[in-house]
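Here the structure is laid out as structure tokens; the discussion comes afterwards.
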Amino acid sequence: MAGAQLNVLAKLDQAKTQWYHFMAIVIAGMGFFTDAYDLFCIALVTKLLGRLYYTDITKPNPGTLPPNVSSAVTGVALCGTLAGQLFFGWLGDKLGRKSVYGFTLILMVVCSIASGLSFGHTPKSVIATLCFFRFWLGFGIGGDYPLSATIMSEYASKKTRGAFIAAVFAMQGFGILFGAIVALVVSAGFRHAYPAPSYAQNPAASLAPQSDYTWRLILMFGTIPAGLTYYWRMKMPETARYTALVARNAKQAAADMSKVLHAEIEERPEVVESQVVGGETWGLFSRQFMQRHGLHLLATTSTWFLLDIAFYSQNLFQKDIFSKVGWIPPAKTMNALEELYRISRAQALIALCGTIPGYWFTVAFIDIVGRFWIQIMGFFMMTVFMLALGVPYEHWTKPAHHTGFVVLYALTFFFANFGPNSTTFIVPAEIFPARLRSTCHGISAAAGKAGAIIGAFGFLYASQDQHKPDAGYSRGIGIRNALFVLAGTNFLGMLMTLLVPESKGMSLEEMSQDNVVDETGQA
């Protein structure tokens, strides 16, 4: 049996797009911009770290990070993110979205600076402190996922909610691009100021001492956009849905939204009295939750988990893939800064041509096509393009065909973002009750990061050549077979999407059954 919807929530559902919507997108979106910058900029500098701290100039090739160090540097922030998503997701439902939102930003700013300052000059001290601060950086980033999604979903109208949440998440694409551009500019500047020969010409001189500053500057640059939005985050009022449905103060919710919407909102006492708000009679592990939302939680966690195995494998190790197919020259033919420059240029091109357009196609079409069909299509097309890369893999490794490989590779990013990478973020913010919304989004996002960790650690080893693995690595299944595994992962994600409900055009209360009363009179 459905209960009456509070007037303030009905007004939010029907509100026309206003200035506060755009402010919320920018405030939440800049957090995601910073998240993406901080998570993915490490992939740009790992080869430089290997040269700086693990080069033996008596060897024919420049140094690389040992397998365990490379895994730690790449994956430690993801481990922190997983923990942060669970913790801050739960805290967002306990203390409120706004009160937790500012703390995550402060943590990101402090740890981003500390990552770049990583103490000492020996490999052990630098890598240890880098990993320590990147774990806590990831912890702060983790909080941004459930809080940003929940805040945007609770502010938006039901007609444009999908597009607004997608727009917040789309800032991730600009963060990835910005990271590549910063690395490009910094490496170009240092390369021009401190010219050096290639490693093959002079191993010792190929590594200018000033190169140590480049990776530190790149890591610390992410603090700037995060710091700029702190003031505005603190000025945002608590969401009306948290205030009314969890804190049980419908009068305060109406007063807050009256200021935001620039319209007088009054709650009729009889509606407030009759509306069953909060519904604290059952929680996350109750039978009622399992009956109403158990399959939904299985759907959001499994699809996000499967998506991130493929998405993070591709993003974090595209530099290795590009090297192996010959798009980036062999390391010994370049100096350290030249290699960083070329890796950054390649990642910027992929972000510009594949990653960013995919996000904005989702923004444009999600409230027209719906979440379900975009996710199905995205997983299907990712499967197709992974197979298109893997089946004729030897064909793509020939110099004449490198452009074709890069085009197909960019298309997998396009359909990841015009597909499950966006929708897995959006749906958990819409389909769960207000008092558990942030928690369930955090659980779903943490499942995704578990997949990302598998992608980050597993792909590094699995993609090693079956006959000639990189120094320090055991034999893997090779890039070609790794692409087949990722294709299978995407196909499984498409099957699990069949459990995902469609939330297009529905109010949050209707979708989550927040205003439904069972036979006993309980919400």
Quiz item: Would a scan of the stretch 156-164 turn up a residue that is among the aromatic types (F, W, Y) and farther than 18 Å from M30 by Cα?
Solution: no
Quiz item: What tally of residues in the stretch 147-184 results from selecting those that are open to solvent by 10 Å² or more (accessible area, probe 1.4 Å) and either in contact with a strand residue (DSSP E or B) (Cβ under 9 Å, 6 or more places away or on another chain) or polar (S, T, N, Q) (or both)?
Solution: 1
Quiz item: Quick check, is P60 open to solvent by 10 Å² or more (accessible area, probe 1.4 Å), over 30 Å from H262 (Cα atoms) and at pLDDT 85 or above?
Solution: yes
Quiz prompt | Selection count, the stretch 471-513, where residues are open to solvent by 40 Å² or more (accessible area, probe 1.4 Å), outside any helix (DSSP H, G or I) and without any contact (Cβ under 8 Å) to a residue 40 or more places away in the chain | solution = 3
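Yes/no matrix, rows are residues, columns are (1) open to solvent by 40 Å² or more (accessible area, probe 1.4 Å); (2) under 20 Å from the mean Cα position of the chain (by Cα); (3) at pLDDT 85 or above:
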| site | (1), (2), (3) |
| --- | --- |
| A204 | yes, no, yes |
| P209 | yes, no, yes |
| W215 | no, no, yes |
| L219 | no, yes, yes |
| A226 | no, yes, no |
| Y231 | yes, no, no |
| M234 | yes, no, no |
| T239 | no, no, yes |
| T243 | no, no, yes |
Self-check item: Matching residues, the stretch 411-428, being part of a helix (DSSP H, G or I) and open to solvent by 10 Å² or more (accessible area, probe 1.4 Å)
Solution: L411, F414, F415
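Got a number for residues in the stretch 59-86 being closer than 30 Å to M334 by Cβ, among the polar types (S, T, N, Q) and in contact (Cβ under 8 Å) with a residue 12 or more places away in the chain?
So the answer is 5.
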Self-check item: the stretch 87-109 residues that are at negative phi and part of a helix (DSSP H, G or I), paired with ones that are buried (at least 23 other Cβ atoms within 10 Å of the Cβ) and among the basic types (K, R) (beta carbon under 8 Å, 6 or more apart)
Solution: D93/R435; D93/R437
Practice problem: Mind listing just one residue for me: the one in the stretch 355-384 that is open to solvent by less than 10 Å² (accessible area, probe 1.4 Å) and of a type in the set (A, V, I, L, M, F, W, C) and, of those, nearest to M171 (Cα to Cα)? | Solution: I366
Quiz item: Is there any pair with a first residue in the stretch 160-176 that is not in a helix (DSSP H, G or I) and a second that is not small (G, A, S) whose Cβ atoms are under 8 Å apart and which are 6 or more apart or on different chains, and what are they?
Solution: T160/T17; T160/H21; T160/D367
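The values are calculated or read from the model by the stated rules, or taken from the named source; none is laboratory data. Since the structure is predicted, the reported quantities are computational estimates derived from the model, not experimental observations. Heads up, the Cβs are rebuilt from the backbone with ideal geometry, glycines too, and the neighbour counts pull from every protein chain shown. These area figures cover heavy atoms from the full protein model, side chains too; ligands, DNA and RNA do not enter into them. Shrake-Rupley method; radii C 1.70, N 1.55, O 1.52, S 1.80 Å.
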